[in-house]
Amino acid sequence: MDVPADILELARGARRVTVLTGAGASAESGIPTFRDAQTGLWTNLRPEDLATPEAWYRDPPRVWAWYAWRTRIAATCVPHAGHRAIAEWGRRDGVTMKVVTQNVDDLHERGGSEDVAHVHGSLFRHKCDVCNAQYRGVLDLPVEQVERLEPPDCEQCGMGRIRPDIVWFGEALDERVFGAAIEAVEGADLLVVVGTSGIVYPAAGLPGVARAQGIPVIEINPHGSDLFDQLDHAWEVAAGKGLPAIVAALDD
Ligand code: APR
């Protein structure tokens, strides 16, 4: 696959690469994006209806069941060639690679990336909804989708219930994590935006941080995004095709 010349030139010259990913970067591994229709028991629901504190406090077992299903999906999916290409790019001599992801799966890590900031949290971390203590227990994930599932009680405070350590709509991001994300963007000499609609802030504001500093911004997204006016170059290609093509052409 031919890489557009202007994108390849920027990639070859970059030494401090930051990749910002969204759900589209996981799509080819089989994890549905947010703007795809929800499937199964949640077909008629939008993530915005479930990924909120209100939904949690209204009916914890229902929200816990949705996350248990999503965790099982994520755990059974495997990283694709795009995840592996990002990690390979970061192993090249003289190149540092930082990943800032809105995704809550662990496909970047399983694809070999080591420096990954999860600005929206992780399906594989859990905490108490009262005392915030991290939950260290083992979760039993149902094999089939279930409508409701009782979350564990917090053994630290004895009052709360264990919830996903994920940033829900209306919740603030972890300042430390988002601060690291901003540093990763500001310290880059190339920002590659992969598979995000660019709708949800503050993550969607990160390409603007790069632009404000004169850092070139490339997008890899087969359908384009709301970030169109913040890009130097947009390549309408899937992550699993475009990223490996770039890395393969770095030495040509
Ligand atoms: N390769 C690259 N991009 C893709 C691919 C692919 N194979 N398939 C789809 N896309 C693009 C779509 O064109 C879309 O622009 O991925 C993007 C996915 O957009 P969303 O579903 O909105 O996901 P995302 O941008 O990550 O959502 C941001 O919204 O729901 C909240 O917190 C949630 O982190 C999420 C945030």
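The values are calculated or read from the model by the stated rules, or taken from the named source; none is laboratory data. Here the structure is a predicted model, which is why all the values come from computation and not from measurement. Positions of Cβ are backbone-derived with ideal geometry, glycine not excepted, and every protein chain shown enters the neighbour counts. Only protein heavy atoms, including side chains, enter the accessible area calculation; ligands, DNA and RNA are left aside. Shrake-Rupley method; radii C 1.70, N 1.55, O 1.52, S 1.80 Å.
Just to be sure I understand, how many residues within the range 178-231 are within 13 Å of the ligand (Cβ to nearest atom), open to solvent by less than 30 Å² (accessible area, probe 1.4 Å), touching a residue at least 24 places away in the same chain (Cβ under 8 Å) and not charged (D, E, K, R)?
16
Determine the pairs where a residue that is of a type outside the set (Val, Ile, Thr), located within the range 103-119, has a partner that is part of a strand (DSSP E or B) and open to solvent by 10 Å² or more (accessible area, probe 1.4 Å) with Cβ atoms under 6 Å apart, the partner being 6 or more residues away or on another chain.
Hits for this filter: ASP106/PHE124; HIS108/VAL116; GLU109/VAL116; ASP115/LYS98.
Among the candidates THR39, THR33, THR21, single out the residue that is modelled with pLDDT under 95, on the phi < 0 side of the Ramachandran plot and under 15 Å from the mean Cα position of the chain (by Cα). Spell out how you get there, then give the answer.
On the way: THR39 fails: under 15 Å from the mean Cα position of the chain (by Cα); THR21 fails: modelled with pLDDT under 95.
Of THR39, THR33, THR21, the one residue that is modelled with pLDDT under 95, on the phi < 0 side of the Ramachandran plot and under 15 Å from the mean Cα position of the chain (by Cα) is THR33.
Please go through the range 89-104 and give me each residue that is buried (at least 20 other Cβ atoms within 10 Å of the Cβ) and part of a helix (DSSP H, G or I), ordered by number. Spell out how you get there, then give the answer.
Of all residues in the range 89-104, those buried (at least 20 other Cβ atoms within 10 Å of the Cβ) come to 89, 97-104.
Hit for the range 89-104 is TRP89, nothing else.
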